[in-house]
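The values are calculated or read from the model by the stated rules, or taken from the named source; none is laboratory data. Model, not experiment: these values are computed from the prediction. Cβ placement follows ideal geometry from the backbone for every residue including glycine, while neighbour counts extend to all protein chains displayed.
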Amino acid sequence: MKFDPREAGRLESADRLSWNNPQQIVAAVEVRPGERVAEIGCGTGWFTFELERAVRPRGMVYALDTQPAMLQILRARRESWERILTLPCGENDFELDDGEVDVVFHANALHECNEPERHLREVYRVLKPGGRAIVIEWHWADEESQPGPPNTQRLEVNEVKKLLEKAGFSVGEVQDVGPYHYAVQGTKEA
């Protein structure tokens with residue numbers, strides 16, 4: 001199920017910093033200066049601005065989302081940010097060339113895909129050889145009071161690893177990034 005743009009205000013809530021901190025997560029997955037990053041499912045830009053800080057001074061962030069309302073909110077917020085380009089996308093079709101980016105950053109969005117294998121093949125297509133797919137998803141919830149989607153919509157770590165491998169990635173590091181999330185990194189072999 002897709003995130004409802006009418007709930008966009010929830011994406012920017014102050015308490016979210018305590019359990020989904022963009023600065024800590026971007027640092028943990030080692031997005032580097034000069035990289036060209038495609039952020040798939042950028043929403044209102046929760047991670048976008050931190051990604052832009054990480055790739056300075058010469059890198060670029062392509063902020064993609066399937067929902068025009070989310071991109072509109074992000075465009076309004078990015079006035080003076082030169083290294084962010086917003087792009088509409090389909091779930092399995094990104095307006096990027098083959099091998100155009102160094103990193104695809106994919107936070108809290110893979111569980112919303114109807115065809116995750118096909119989606120990750122598109123991620124593979126836009127990455128340069130040696131490029132990294134960073135997938136951040138929700139751990140299984142221990143209780144109903146935890147933030148995020150219900151367990152029936154969450155993807156377990158091993159499922160994400162298998163999906164990345166089926167798409168052609170070599171799966172590497174898996175790490176916890178906050179109390180409710182994990183990050184899986186896949187590399188497109190050169």
Within the bounds of the stretch 109-125, is there any residue that is within 21 Å of Q67 (Cα to Cα), at pLDDT 95 or above and aromatic (F, W, Y)? no
List, please: which pairs have Cβ atoms under 7 Å, are six or more places apart or on different chains, and start with a residue in the stretch 108-122 that is farther than 17 Å from F169 by Cβ and end with one that is of a type in the set (S, T, N, Q)? H111/Q153
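Mind telling me which of the residues V31, V26, V37 ends up being touching a helix residue (DSSP H, G or I) at 6+ places or on another chain (Cβ under 9 Å), within 15 Å of I134 (Cβ to Cβ) and either part of a loop (DSSP other than H, G, I, E, B) or among the charged types (D, E, K, R) (or both)?
Values: V26 fails: either part of a loop (DSSP other than H, G, I, E, B) or among the charged types (D, E, K, R) (or both); V37 fails: either part of a loop (DSSP other than H, G, I, E, B) or among the charged types (D, E, K, R) (or both).
Criteria check complete, one pass: V31.
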Among what's in the stretch 73-89 and is touching a helix residue (DSSP H, G or I) at 6+ places or on another chain (Cβ under 9 Å), of a type outside the set (D, E, K, R) and over 13 Å from E39 (Cα atoms), pick the residue that is surrounded by the fewest Cβ atoms within 10 Å (Cβ to Cβ). W81
Looking at the stretch 37-59 only, could you name the residues that are farther than 14 Å from A107 by Cα and either buried (at least 20 other Cβ atoms within 10 Å of the Cβ) or among the polar types (S, T, N, Q) (or both)? E52, A54, V55, G59
Being of a type in the set (D, E) and farther than 22 Å from V29 by Cα: is that true of D93 here? yes
Step by step: first the residues of the stretch 131-164, then only those that are of a type in the set (G, A, S) and over 18 Å from the mean Cα position of the chain (by Cα), then the one that is surrounded by the fewest Cβ atoms within 10 Å (Cβ to Cβ). Which residue is that? S145
